[in-house]
Structures are given as C-alpha cells and as structure tokens.
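Here's the structure, in structure tokens; my notes come after.
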C-alpha cells in the first residue's frame, strides 16, 4: 500500500535528482511547444536518455519552482502504485499551493493513468509526461486522450550534442570517441560501463520479461546478444528461430516487437511499395546507441564500418520516422529516407571508399537513385570528401562529422 509519506519522499528525491542533471540543454528543447491547457505534452524515448531532465528544463524556463510538482512512478518508493492511489497524489497537489504544472515520469506503468491525466487537464493543470514504452503510450493515448496530447521523441545525445556536452571539437577525434562511447548522458558523466549494463538489464527484465510475463529470459537475452552482434545485418524471425532454437517464429517476432517498443532496437524494412513485401522481407537491425552495443556485443567492437553505419542510422532516426533499405537488381543502398510517403534521400555508408569497394558502393547508390528518380545521392564516410557525376546523377561523399554537425 502506498502512503502519503512515500509520495512526498518520491517528489523530494525526483527534485534533487533533476537538480543534478540540468546543466546541459538539449537541442529538442528549442522545438518543444510550451505546456498548454487542455493538451498533455508527452516525451517518449529509451530509459535514461534525459526525458525527465528535458521536461524539468522546460518547466524552469516557464514556471516558478513552487508552481511545479514532479513525480517519478518508476521508483521503489511507489512499487505497487494503483489507480486508487492517485487520490493521495491529489492530496499532495492540493498542499502545494500555487501548483499549476504537473510533470509525471513513467506514469504508463499505472493502469488507467490516461483517465487520471484527462481529469487533471479538465481541472486546468499543465501536464508533462515521460514514458519509455512506445506501444503502451500510444495505445492509451489513442483512447482516453485522443486529440488532447502532443508527442515528441527524445534519444541519447546526438553527435553534435555529444561534442557540446564534452566540450570536444567537431572532427575526426570527437567522432572516434562518439562512435565508441555513444551518447547516454549519465554514462558520459560518470564514465562507468555499469550504467549501460544496468540500463540493458532493466529493459530486458523489468520492461519486457516482467511486463509480458516471459519466464524464459535466457532466450530473451540470447536473442538480444545476437541482434547486438549483427547490427547493420539482415535478420528474420524464421531464421533466428532455427539459429537460437526458440519455440516458434511468432515468439521471436513478439520479442522483436518488445525490443523495438522500448526504443532499444530498431528494425529497418526493405523499401517496397507493397506493405506485404515489407513485412515478408528480412529487416536490417540497428541499436539506439553505440555505447550500448559496445557493452553488449564483443563482435561489434571489431567492426568500425558497422559502428559508423549504426551511428548514421541513429542520427537519421532522430530526424525521420520512415527509413528503409534498398535491395533490387542485386544492388544495395543502406538508407532510403521517406517523408510523407515520398522517397527523399538515398544514403550509402562506407567507413572508407577504396579501390576494392568503390564500385560496389557507387553502383548500389546509383541503382537506388535510378529506381527513385533522384538526381543526388550521398556516401557518408569517416573522413573522406569527394564529388563526381555519373550520367545525370551526382554523388557526394562527406565525412559523417560534417554531415551531422548540426
């Protein structure tokens, strides 16, 4: 049973925690809408990427401290919190005279949370919410909060943010560091790999195994290790069922979905105008952050090319929601970026263009450009510049650090 003192203590702990991590302002902060009456602002993203800090920074810019109440539901103090316990939260809110803004972290773990939030909006409160499960958030938002929320996604530090946070200069040296360390704020601050190890364990056990009542957590961990070791490669549920000896293809597909809902793993489909073809073809697997892959997979540590490709995907995912790979006529292109159902960008990733790989990389990009009737394509490299034309197509090679410097 949750007591009033538990909630008061949880509020105090959250206030102190946020005070320690408010020094670096995220790029997303500039594009966030203000908290407004009648609309809940939702910040979703992987655990520990800075969602609650972002909301706190937003509130500091617009409200006095006494006008804001912050509460994190993902704390041992509030384990077992039930919908009926919201009445105690209401008592605490009433005692905070002048409180007009409510910031709730991971509230989606409480059944019926969307009903409570709708009630607070009806009462005239400004409400901000964070959550680390995309599916649970979208499901509830699509029922009781339809038309009454604005959702934004937050990810670990981008390359540009990493340079700003660490004080490093854009260029080869900082890019090398970022490719190996990734962008989780607390890990960069403490320089302790246990931060990332604990993050992965929390996702696997608390967010997936416990939430979906999975008893065979060994298979879950084995699948994750395989995916992390094959970042940038094609995977399919059917083949992995055989390789890992799992019960069924549907079980593997479910696990794929669970990993993706937590923002840890992304599966990029093959581009096709047929949705059925997208579903049937193998998908390329990527991770939200290179630092996480580094502590999870030993094979990944030896492949700088895949490390660069994973970083490029993560940077693109921050900017676009529709990303595909191209594979036709035995030619491949790493990324096709689509906006409003129209292909906009064709991007090949290559650590270094050499005499051995140049033809393969260029031919794959040219085939994609012809397929999509585009005139310009990109090859993103570690540190090479080049620009040339083939027929009516222009190909430009750029260093990743230059392309993603903003």
(message) Among the numbered criteria (1) on the phi > 0 side of the Ramachandran plot; (2) modelled with pLDDT of 95 or more, which one does residue 9 miss?
(response) (1)
(message) Looking at the structure I just gave you, is residue 141 within 29 Å of residue 257 (Cβ to Cβ), in contact with a helix residue (DSSP H, G or I) (Cβ under 8 Å, 6 or more places away or on another chain), crowded, with 21+ Cβ neighbours inside 10 Å and in the same structural domain as residue 18 (by TED's automatic domain parsing)?
(response) yes
(request) Would you kindly identify the strands (runs of 3 or more DSSP E) lying entirely within segment 275-386 that contain at least 1 residues that are surrounded by fewer than 18 Cβ atoms within 10 Å (Cβ to Cβ) and in contact with a helix residue (DSSP H, G or I) (Cβ under 8 Å, 6 or more places away or on another chain)? (result) 322-328, 331-339, 376-381
(request) Would you check which residues across segment 18-28 are in contact with a helix residue (DSSP H, G or I) (Cβ under 8 Å, 6 or more places away or on another chain), under 12 Å from residue 60 (Cα atoms) and either modelled with pLDDT under 85 or assigned by TED's automatic domain parsing to the domain that holds residue 184 (or both) and list them? (result) 18, 22
(request) Give the residues of segment 218-250 that are more than 23 Å from the chain's Cα centre (by Cα) and either assigned to a helix (DSSP H, G or I) or in contact (Cβ under 8 Å) with a residue 40 or more places away in the chain (or both), sorted by residue number. (result) 218, 219, 238, 239, 240, 241, 242, 243, 244, 249, 250
(request) Looking at (1) at pLDDT below 95; (2) surrounded by fewer than 19 Cβ atoms within 10 Å (Cβ to Cβ), find the lone condition where residue 207 falls short. (result) (2)
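The values are calculated or read from the model by the stated rules, or taken from the named source; none is laboratory data. Values in this document were obtained by computation on a predicted structure and should not be read as measured data. Ideal geometry is used to build each Cβ from the backbone, glycine not excepted, and the neighbour counts take in all protein chains shown.
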